[in-house]
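Presented below is the structure to which this report refers.
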Amino acid sequence: MSEDWAAVARAMDARLTELGMRQRDLADRAHVSQAIVRELHRNTAQRRRSARTLEALSVALGWHPRHLHAVLGGHNPPDPSAPVTLPADAVAGRLAAIEGHLRSIEERLIDVQAQLGADRPRNGG
């Protein structure tokens, strides 16, 4: 299967213009770096992107999550109201990633609590 990154760039450009949105706005909405948005929008770096990146950009542009995947593959994009189905392994992978992030947050909170406890002045008592 051939990947058409130029078509992705054209689709993004047309949609950004239609929405009156800047690259920075899109990056903020999609929670991806502005450099990635710039590379895709200008078609300056044709490399494999994570499914999550293209999905996040599609959603931030008001499209179906698989819109840019379809454009990339030369297919007609799904209707924005079409149901989104994820394979079970994708759901499990996302849940595992969320659990990992939560563990990391929990560890940071424990560290902060310990630091706050160590910084408290001790009253002789």
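The values are calculated or read from the model by the stated rules, or taken from the named source; none is laboratory data. Computed from a predicted model, the values in this text were never measured in an experiment. Every residue, glycine among them, receives a Cβ derived from its backbone with ideal geometry; neighbour counts consider all protein chains shown.
What to note about this one:
- Subset of region 37-59 [surrounded by fewer than 17 Cβ atoms within 10 Å (Cβ to Cβ), in a helix (DSSP H, G or I) and within 11 Å of the chain's Cα centre (by Cα)]: 51, 52
- Residue pairs whose Cβ atoms lie under 7 Å apart, separated by 6 or more positions or on different chains, with the first residue in region 73-95 and surrounded by 12 or more Cβ atoms within 10 Å (Cβ to Cβ) and the second modelled with pLDDT under 65 and not polar (S, T, N, Q), are 73/1.
- Residues that are of a type in the set (Lys, Arg) and closer than 14 Å to residue 5 by Cα within region 33-67 comprise 38, 42, 47, 48, 49, listed in sequence order.
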